[in-house]
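Q: Mind having a look at this structure? Questions to follow.
The values are calculated or read from the model by the stated rules, or taken from the named source; none is laboratory data. Quick caveat, the model's predicted, so the values are computed rather than measured. Don't worry about glycine lacking a Cβ; one is built from the backbone with ideal geometry, like all the others, and counts go over all protein chains shown.
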């Protein structure tokens, strides 16, 4: 039976799960967002929020922008909170509710086709290889067979690193000679998956700056070749965004989206950033859902994105049961 994406990665609320497990996951998320939460709350007064105090609204705006929620999303959040009028007595709770609404429904991955092809893109240093390794591990752990394709044929040791991750995850690996055609690697990986009866193909790509036009064109070529080889593929195109880059991540999402039709975001390095609000900015301005979030360094520290948990971890407080 085909299982949903949240069930495959064990997201709370999608399938029965011990309360303690969800509590542990939320604690990890809170830890990862601690810097962002401090940036958001340190400018807010400890006393009860007074909706009639103009200075209080200004402090709120400054705090949201400091957490890298972005100016458009900040303006929308403030507008929604102001609309509550005198009924706004619990600022944190109301803010968490509005951030959750702005983030939209939890993102799901299209992994129902056999094989399903996931194309993973992003700039250098965002954590693409680590994210792919964790994703392959979680899928294999839940009974799915995975092929990992090393279509980054240029960076020294890129193929070796990805092959190590694939072996750890119990996945098949498809690579090529150094400097080979990345599109050919993706093509070969799909053929291998079909021949071996594998269920998921995850295609890594070389990190590239979103401003490098020729490399973005190469990425578009990889996507075209995948589409020509398998109808409907790639079924997902995930952009890995480093949370420490803040609003630059928004521009990355915008330009990668134009080149390869990004379907979702994997947000990494939250534990090293005070800019976790970038998730809100991307969702609001581009309509792109965050689908994955890394909450640590271990193989199983990759989770489906839960907007409510994220919002509460960002502003403080506990999520709904």
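Q: Could you run through segment 59-76 and say how many residues are under 17 Å from residue 275 (Cα atoms) and in contact (Cβ under 8 Å) with a residue 60 or more places away in the chain?
A: 8
Q: Then there is this: Among the residues of segment 185-214, what is the count of those that are within 27 Å of the chain's Cα centre (by Cα), more than 10 Å from residue 149 (Cα to Cα) and not in a loop (DSSP other than H, G, I, E, B)?
A: Residues in segment 185-214 being within 27 Å of the chain's Cα centre (by Cα), more than 10 Å from residue 149 (Cα to Cα) and not in a loop (DSSP other than H, G, I, E, B): 4 in total.
Q: Moving to a separate point now. Report, by residue number, each residue of segment 134-159 that is farther than 18 Å from residue 270 by Cα, touching a residue at least 60 places away in the same chain (Cβ under 8 Å) and crowded, with 20+ Cβ neighbours inside 10 Å.
A: 136, 137, 138, 139, 151
Q: Criterion first (under 11 Å from residue 202 (Cβ atoms) and assigned to a strand (DSSP E or B)) does residue 166 satisfy it?
A: Taking the combined requirement at face value, the residue does not satisfy it.
Q: Please go through segment 115-151 and give me each residue that is modelled with pLDDT of 95 or more, farther than 25 Å from residue 219 by Cβ and in contact with a helix residue (DSSP H, G or I) (Cβ under 6 Å, 6 or more places away or on another chain), ordered by number.
A: none
Q: Report the residue count in segment 74-103 for those that are exposed (fewer than 13 other Cβ atoms within 10 Å of the Cβ) and modelled with pLDDT under 90.
A: Result for segment 74-103: 4.
Q: Could you check segment 169-184 and list, in sequence order, the residues that are in contact with a strand residue (DSSP E or B) (Cβ under 6 Å, 6 or more places away or on another chain) and either assigned to a loop (DSSP other than H, G, I, E, B) or modelled with pLDDT under 95 (or both)?
A: Matches in segment 169-184: 171, 175, 182.
Q: Separate question: Among the helices (runs of 4 or more DSSP H) lying completely within segment 225-318, list those that include at least 2 residues that are farther than 29 Å from residue 147 by Cα and touching a residue at least 60 places away in the same chain (Cβ under 8 Å).
A: 278-286, 307-315
Q: Taking the condition within 29 Å of residue 299 (Cα to Cα), exposed (fewer than 14 other Cβ atoms within 10 Å of the Cβ) and either within 24 Å of the chain's Cα centre (by Cα) or modelled with pLDDT of 85 or more (or both), does residue 112 pass?
A: yes
Q: Residue by residue through segment 293-310, note down the ones that are over 26 Å from residue 92 (Cβ atoms) and either buried (at least 22 other Cβ atoms within 10 Å of the Cβ) or in contact with a helix residue (DSSP H, G or I) (Cβ under 8 Å, 6 or more places away or on another chain) (or both).
A: Residues satisfying the conditions are 299, 300, 301, 302.
Q: Taking residue 193, is it farther than 23 Å from residue 294 by Cα, crowded, with 22+ Cβ neighbours inside 10 Å and out of contact with any helix residue (DSSP H, G or I) (no Cβ under 8 Å at 6 or more places or on another chain)?
A: yes
Q: Out of everything in segment 42-58 that is over 17 Å from residue 89 (Cβ atoms), under 32 Å from the mean Cα position of the chain (by Cα) and exposed (fewer than 15 other Cβ atoms within 10 Å of the Cβ), what residue ends up being modelled with the lowest pLDDT?
A: The residue in question is 42.
Q: In the list 282, 278, which residue meets the criterion of being at pLDDT below 90, buried (at least 23 other Cβ atoms within 10 Å of the Cβ), more than 12 Å from residue 30 (Cβ to Cβ) and touching a helix residue (DSSP H, G or I) at 6+ places or on another chain (Cβ under 6 Å)?
A: One residue alone meets the criteria, 278.
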